[in-house]
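Okay, so here's the structure we're looking at.
The values are calculated or read from the model by the stated rules, or taken from the named source; none is laboratory data. Note that the coordinates shown come from a computational prediction; the quantities given were computed from them, not determined experimentally. FYI the Cβ positions are ideal-geometry reconstructions off the backbone, even for glycines, and counts take in every protein chain you see. Accessible surface is based on the protein model in full, side chains and every heavy atom, while ligands, DNA and RNA are left aside. Shrake-Rupley method; radii C 1.70, N 1.55, O 1.52, S 1.80 Å.
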Amino acid sequence: MSFSIERYKEESKKLDIAGVEWNEVMRNQLSKGDLFCLHYMMDIENHVPLYLSHLLVTRACMDPILTAFLACWNYEELWHGENIGRFLNLYGIEFDSQDRIANVRANLGFQNSVSLMSTMAGSWLLKDFSAVYLTIGAINELATLTGYGALIRKSGHPVLKDLLGRIIKDERRHFAFYFNSAKEWLTDNEKAQRMDRWMLNRVWVPVGQGVKKLEEVDALALHLFDDEQGEEELLNLDEKIGKLPGLSGIKLMSKALYGARERVRKNPAWGRRLIENEEWAAPRKSPVGALTTRRAITAESSVSVIEGG
Ligand SMILES: [Fe+2]
Ligand SMILES: [Fe+2]
């Protein structure tokens, strides 16, 4: 698997949706579980700019190749969230994207600032911290594209298959960048390898956790991966990450699935109840969300702008 930053810079673009059969979206039914996953995925795609803010305070950003990648990557991710939102709207689920994004962000609260500060401190105190970030990037991208693949399989929805298939192509390039960069950093660097493994085993969480609560993460994992094929896909994912220097045999995503199964064993309604109650439909309203959402331009205000101009 190769990656050329020059080629990526030249080729990076907004998701190509030409020919997607948007008017066919309503033709096929989606299960509540599929809809739950799509809302989760949209929220996490839309969260990328905030995740980027964490990356930009690290010492890793002294590297111009990394910042060039992040500039293009952030733009591509924007269109993933936008198009999943468009799909959901066309399926008949009404929401205002801006309002939803603002509320998801506002609900992060103080914990987001603490995490930002500790990331910054960690990266400047420990040189090899970058290896951890690059590895987590690789796992997140691979988990995302594996999740999209599983949702294509579970839903059997042809338009969703087309849309997610296009997004998966972007995610593969993202994975290639993070994986190769992590590999470069970890090769012949035992100290970095030890730190990477230690951090992944202790602080790593599946993509989306933190923005989403553990039960939501479990609900997604159980809907997409709680069968023979799903489990195998997660074991393959771990195996691919295990090819990075120093990470041989590491278990991350499969361990997360087994953890989710264990929580269901103790509480059979765990995860499933969120899907059934449609709690995903609207994020908790936050007073901060109201402050961070732009006010919609009403007909009245646009007239006064024109008159005033
Ligand atoms: Fe994405
Ligand atoms: Fe991505």
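If I take R0 = 51 Å and measure r between the Cβ atoms of E24 and R263 in this structure, what FRET efficiency does the formula 1/(1 + (r/R0)^6) give, to the nearest 0.05?
Values: r = 38 Å, r/R0 = 0.74.
So the FRET efficiency works out to roughly 0.85.
Can you give the percent of C-alpha pairs in the range 104-167 whose distance is more than 20 Å? Could the numbers behind the result be given before it?
Working: 1108 of 2016 pairs.
The answer is 55 percent, as a whole percent.
In the structure displayed, which of K127/K213; K213/K243; K14/K243; K213/K266; K161/K213 lie more than 25 Å apart, Cα to Cα?
Values: K127/K213 31 Å; K213/K243 30 Å; K14/K243 31 Å; K213/K266 18 Å; K161/K213 27 Å.
Beyond 25 Å between Cα atoms: K127/K213; K213/K243; K14/K243; K161/K213.
Using the Cα gyration tensor of the range 111-241, with a ≥ b ≥ c the square roots of its eigenvalues, what is the shape: rounded (a/c below 1.5), prolate (a/b larger than b/c) or oblate (neither)?
It is prolate, given that a/c is not under 1.5 and a/b is the larger ratio.
Please give the per residue volume of the convex hull enclosing the alpha carbon atoms of the chain, rounded to a whole number of Å³. Display every interim value, and only then the final one.
On the way: hull volume 52.3 nm³, N = 309.
Looking at the chain, the number lands at 169 Å³ per residue.
Provide, in order from the shortest bin, the percent of all Cα-Cα pairs of the range 179-240 in each 10 Å bin, continuing until the bin that contains the maximum pair distance.
It works out to 18, 37, 33, 12, in whole percents.
Applying a 10 Å radius around every beta-carbon, put 265-274, 133-142 in order of their mean neighbour count, most first. Provide the component values of the computation, followed by the final result.
Working: 265-274: 14.4, 133-142: 23.8.
Result, highest mean Cβ count within 10 Å first: 133-142, 265-274.
Just the number, please: Stokes-Einstein D of the range 155-196 in µm²/s, Kirkwood Rh from C-alpha pairs, 37 °C, 0.692 mPa s. It would help to have the intermediate numbers written out before the result.
On the way: Rh = 12.5 Å.
Calculated translational D: 263 µm²/s.
First compute the accessible area of the chain with a 1.4 Å probe, then give the percent of it belonging to carbon and sulfur atoms.
Details: 8930 of 16100 Å².
Its accessible area is 55 percent carbon and sulfur atoms.
How big is the accessible area of M1 in square angstrom, nearest 10, if you roll a 1.4 angstrom probe over the protein chains?
130
Note down the nm distance, to one decimal, between modelled labels 7 Å out along Cα→Cβ at K127 and at D227.
Taking the simple label geometry, K127 and D227 are separated by 5.0 nm.
Calculate, for the chain, the solvent-accessible area per residue in square angstrom, rolling a 1.4 angstrom probe over the heavy atoms of the protein chains. All intermediate terms of the calculation are to be shown ahead of the outcome.
On the way: 16100 Å² over 309 residues.
Per residue, the chain has 52 Å² of solvent-accessible surface.
Across 5 Å bins from 0, what is the distribution of all Cα-Cα pair distances for the range 1-134, in whole percents?
Values per bin, smallest distances first: 2, 8, 15, 16, 17, 15, 12, 8, 4, 1, 0.
Could you order the peptides 224-237, 16-29 from most to least packed, using the average number of other C-beta atoms within 10 Å per residue?
Working: 224-237: 16.6, 16-29: 12.1.
Put in order of decreasing packing, that is 224-237, 16-29.
How do 86-94, 39-47 rank on mean C-beta neighbours within 10 Å, highest first? Working shown, then result.
Values: 86-94: 14.8, 39-47: 23.0.
Top of the packing list down: 39-47, 86-94.
Evaluated at 25 °C with a viscosity of 0.890 mPa s, what Stokes-Einstein diffusion coefficient in µm²/s does the range 205-280 have when Rh comes from the Kirkwood expression over alpha-carbon pairs?
Details: Rh = 13.0 Å.
Using the Kirkwood radius from Cα pairs, D works out to 188 µm²/s.
For the chain, what is the mean residue ellipticity at 222 nm derived from helices alone (per DSSP H run of n ≥ 4: -39500 (n - 2.57); sum divided by total residues; nearest 500 deg cm²/dmol)?
Details: 15 runs with 215 residues, N = 309.
One gets -22500 deg cm²/dmol as the mean residue ellipticity at 222 nm.
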